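Colleague: Take this structure, written in structure tokens, and hold onto it; I'll ask about it next.
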Amino acid sequence: MATKDDCIFCKIANHQIESDYVYEDELVCAFRDMDPQAPVHVLIVPKQHYDDIIDDVPADTLVAMKRAIAEVARREGVDASGFRIIANTGADGGQTVRHLHMHLLGGRSLGAAILPES
């Protein structure tokens, strides 16, 4: 498991590794997913390392993430048509990078199902 010293999302959020940034403020940044699952697929991550959503994340960071979601949705043109927010937690929840992040997905109808049909 990665530590915060070698966490790829820490490095992207703090510009040690550049990405296709969509939004940034003092607490969070948002960048396009490298393997998009929808026409709009942006990751919103705190600059400070937290493993996941239940990792004692300060309220101001969560509020900053909510503001970022609203602004990214507006900038990407999905605020009116709708979008999905996903925060995977742990291996069984599908979290592949142990750094709190939220996926903003949109740009097409995502349907009502959370999981794809198998």
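Colleague: In the chain, which Cys residues have no partner Cys with a Cβ closer than 4.7 Å?
Modeller: CYS29
Colleague: Output the relative contact order of the stretch 4-106, whole-number percent, from Cα pairs under 8 angstrom with separation of 6+ residues. Mind showing how you got there, number by number?
Modeller: On the way: 168 pairs, mean separation 32.3, N = 103.
That works out to 31 percent.
Colleague: Could you compute the FRET efficiency for ARG84 and ASP5, with r as their C-beta to C-beta distance and R0 at 35 Å, rounded to 0.05? Each step should come with its number before you reach the end.
Modeller: Values: r = 32 Å, r/R0 = 0.91.
According to the calculation, E is roughly 0.65.
Colleague: Here's something else I'd like to know. What is the angle, in °, between the Cα long axis of helix 59-76 and the longest principal axis of the Cα atoms in the chain? Nearest 10 is fine, range 0 to 90.
Modeller: Around 40 degrees separate the two axes.
Colleague: Shifting gears a bit: Report the charge-dipole magnitude of the stretch 4-106 in Debye, nearest 20, computed about the Cα centre from +1 at each Lys and Arg Cβ and -1 at each Asp and Glu Cβ. Working shown, then result.
Modeller: Working: 10 positive and 18 negative charges, 56 e Å.
Charge dipole, the stretch 4-106, about its Cα centre: 280 debye, nearest 20.
Colleague: Could I ask something else about it? In Å², what does the accessible area per residue of the chain work out to with a 1.4 Å probe?
Modeller: Values: 6930 Å² over 118 residues.
Per residue, the chain has an accessible area of 59 Å².
Colleague: At 0.36 nm per residue, minus the direct Cα-Cα distance, what do ILE54 and GLU18 gain on full extension? Give it in nm, one decimal, please.
Modeller: That pair, ILE54 and GLU18, stretches by 10.2 nm at full extension.
Colleague: Next up: So what's the back-of-envelope 222 nm ellipticity for the chain, counting only DSSP H runs of four-plus at -39500 (n - 2.57) apiece and dividing by all residues, rounded to 500? Write down the numbers at each step before the final one.
Modeller: Numbers: 2 runs with 24 residues, N = 118.
So the calculated ellipticity at 222 nm is -6500 deg cm²/dmol.
Colleague: Next up: For the chain, which whole percent of the accessible surface, found with a 1.4 angstrom probe, sits on carbon and sulfur atoms?
Modeller: Working: 3620 of 6930 Å².
Answer for the chain is 52 percent, counting heavy atoms of protein chains only.
Colleague: Of CYS10, LEU62, PRO39, which is farthest along the charge dipole of the stretch 6-93 in the positive direction, counting Lys and Arg as +1 and Asp and Glu as -1 at C-beta?
Modeller: PRO39
The values are calculated or read from the model by the stated rules, or taken from the named source; none is laboratory data. Since we're looking at a predicted model, the values are computed, not measured. Cβ atoms come from the backbone with ideal geometry, glycine included; neighbour counts cover every protein chain shown. For accessibility, only protein heavy atoms count, side chains too; no ligands or nucleic acids. Shrake-Rupley method; radii C 1.70, N 1.55, O 1.52, S 1.80 Å.
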